[in-house]
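The values are calculated or read from the model by the stated rules, or taken from the named source; none is laboratory data. These figures come from a predicted structure and were not determined experimentally. Positions of Cβ are generated from backbone atoms using ideal geometry, with glycine treated the same way; all protein chains shown enter the neighbour counts.
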Amino acid sequence: MGKPENTLGLWPLFVNAFLGGCLGAGSLLEPSFNAYVGYAMVSLAIGIIIGPTIGGLIYEQTHDNSTMLKVAAGMTIFLIIYTGFLPESRPGEIIIAEASRLPPRPLRSRYPKEPMSFHGTVKQLLTETLEPLCVFLPGRIEPTENVLPSRYTLLLLIAAYAFGQFASNGVTTVFIPYSNLVFNWNPEIDLYYFTFYGVSTFVVYVAIFPALQYAYDYFTQQSESTTVSTSTSTTATKCSIQPPIGEEGDIINEEHSINTGGNVAADVDNSSAVLLGAGVLVDGGVAKEEASIKKDLTIFASGGVLFAVGYAIVPIFETGNILFIACAIHSLASIGQTAFTSLMTAYVPSHQTGMALGGICILDTLLQATAALLYGLIFGHTSATVPSAVYIVSTGMWMISLAVTAVILCEYQRRWV
């Protein structure tokens, strides 16, 4: 947009940023959307691949950046109209049931309301805005069949997510001026970079992520089967020990001892019981949920490690090629965000999922705004001396996120072991 061929100037960019901030609540979607997070990430990756390509072709034909803005505005208007004709995806009985749970609308008073002071209006707006965030405080979420290790586990999970998102949003804000200043990138190289990001994200969610999940499930099942075999042999050994002998030399309760051993072995082999962790025998349904949570926590922690590594290598090597390597690492690390959504919704009942997702959306908006301010200040003060300081800060933020995640893992490890 800063090229001389631009006929509109820079004001559309400021208007776009303003409207994007005001309309951030548009991401408050139905809880059922969580089942399609993978499809959404793939669609996003496809858009990242196709969008810059179309933009580059339009610019090559017109040599006018304002034409791309007009095309983007037209497509946005088309999407708004298209969305208005989409049919309702939820069954009618669910809509009626949700409407029946709504409280009755209060009667309108005959007396006019007293005008609220400016301080009271601001306080009310802040309260209404931040109220969804308070849902993650201890005691606000109703208990589900998945019991939290402690009353602060959900709050710690949100904190780990917040530190990581803050770091990622900050680097995204200053990436273009950083790459232009340090590596003299032009818009064409920026186009290659974002196209590479879209392609790598697409490959991660279409091929690599499913393969990693399959590998995790396979090795976990192998480990559990080995643990079950060891536990079964240990139990059989204990049951084969000769029972105590009475005063007359007779074996006491021999039949009972043998039956008990057989029952224990049968219980271990029963498919409704699963060994979790270090030989903890739990009910099949509970074990399935615990195994799913353990898997999501592993993916979430692994994503944090990859994010930290991706940001740390940039100031260490500081070459143009390392940005592409870091981009590929971050594409793979983004699977941790999907695991976070799965973890959060596992502990939130269905009727509170919408409120929880609303809180996450508000948190994302606040993190994006504050990260843009802080990282803009950091880059402005360090660009002449240490321009990669923003990457060092982001590495530190992800290390804090990993430390909080380690606390959560320790809580679960105590329960599993």
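Within region 156-189, the set of residues being in contact with a Leu (Cβ under 8 Å, 6 or more places away or on another chain) and surrounded by fewer than 17 Cβ atoms within 10 Å (Cβ to Cβ) comprises F183 only.
Please pick out the residue among G380, G396, G376 that is surrounded by fewer than 16 Cβ atoms within 10 Å (Cβ to Cβ), small (G, A, S) and at pLDDT 95 or above. Steps first, please.
Numbers: G380 fails: at pLDDT 95 or above; G376 fails: at pLDDT 95 or above.
None of the others qualify; the one that does is G396.
One residue stands out in region 149-185 among those that are under 24 Å from M399 (Cα atoms) and not in a helix (DSSP H, G or I): the one that is modelled with the highest pLDDT, namely Y152. Each residue in region 154-175 was checked for being closer than 16 Å to L297 by Cβ and not aromatic (F, W, Y), and 8 pass. Consider V417 against the criteria (1) in contact (Cβ under 8 Å) with a residue 40 or more places away in the chain; (2) out of contact with any Gly (no Cβ under 9 Å at 6 or more places or on another chain); (3) not hydroxyl-bearing (S, T, Y): it satisfies all of them except one. Which criterion is unmet? (2) is the only condition that V417 fails.
Would you confirm whether any residue within region 122-143 is in contact with a Leu (Cβ under 7 Å, 6 or more places away or on another chain), at pLDDT 75 or above and not in a loop (DSSP other than H, G, I, E, B)? The answer is yes; a qualifying residue exists. Residues that are within 21 Å of the chain's Cα centre (by Cα), at pLDDT below 90, closer than 29 Å to F317 by Cα and surrounded by 14 or more Cβ atoms within 10 Å (Cβ to Cβ): does region 208-223 have at least one? Within region 208-223, not a single residue is within 21 Å of the chain's Cα centre (by Cα), at pLDDT below 90, closer than 29 Å to F317 by Cα and surrounded by 14 or more Cβ atoms within 10 Å (Cβ to Cβ). Does region 70-96 hold any residues that are at pLDDT 80 or above, among the hydrophobic types (A, V, I, L, M, F, W, C) and part of a helix (DSSP H, G or I), and which are they? Passing the criteria: V71, A72, A73, M75, I77, F78, L79, I80, I81.
Here's the yes/no breakdown for (1) of a type outside the set (S, T, N, Q); (2) closer than 25 Å to A389 by Cβ; (3) assigned to a helix (DSSP H, G or I):
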site: A312; (1), (2), (3): yes, yes, yes
site: I316; (1), (2), (3): yes, yes, yes
site: N321; (1), (2), (3): no, yes, yes
site: A328; (1), (2), (3): yes, yes, yes
site: S331; (1), (2), (3): no, yes, yes
site: G336; (1), (2), (3): yes, yes, yes
site: A339; (1), (2), (3): yes, no, yes
site: M355; (1), (2), (3): yes, no, yes
site: G359; (1), (2), (3): yes, no, yes
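Of the residues making up region 361-412, those that are within 24 Å of F136 (Cβ to Cβ) and in contact with a Leu (Cβ under 9 Å, 6 or more places away or on another chain) are C361, I362, L363, L366, V404, T405, V407, I408, L409, E411, Y412. Out of all the residues in region 140-171, which are free of Cβ contacts under 8 Å to residues at least 60 places away in the same chain and within 18 Å of the chain's Cα centre (by Cα)? Within region 140-171, just L155 meets the criteria. Residue under question is L374, and the condition is that it be within 20 Å of L130 (Cβ to Cβ), out of contact with any helix residue (DSSP H, G or I) (no Cβ under 7 Å at 6 or more places or on another chain) and either part of a helix (DSSP H, G or I) or β-branched (V, I, T) (or both); does it hold? Taking the combined requirement at face value, the residue does not satisfy it.
Hey, can you tell me all the residues within region 298-326 that are free of Cβ contacts under 8 Å to residues at least 24 places away in the same chain and more than 18 Å from Y197 (Cα to Cα)? The answer is I316, F317.
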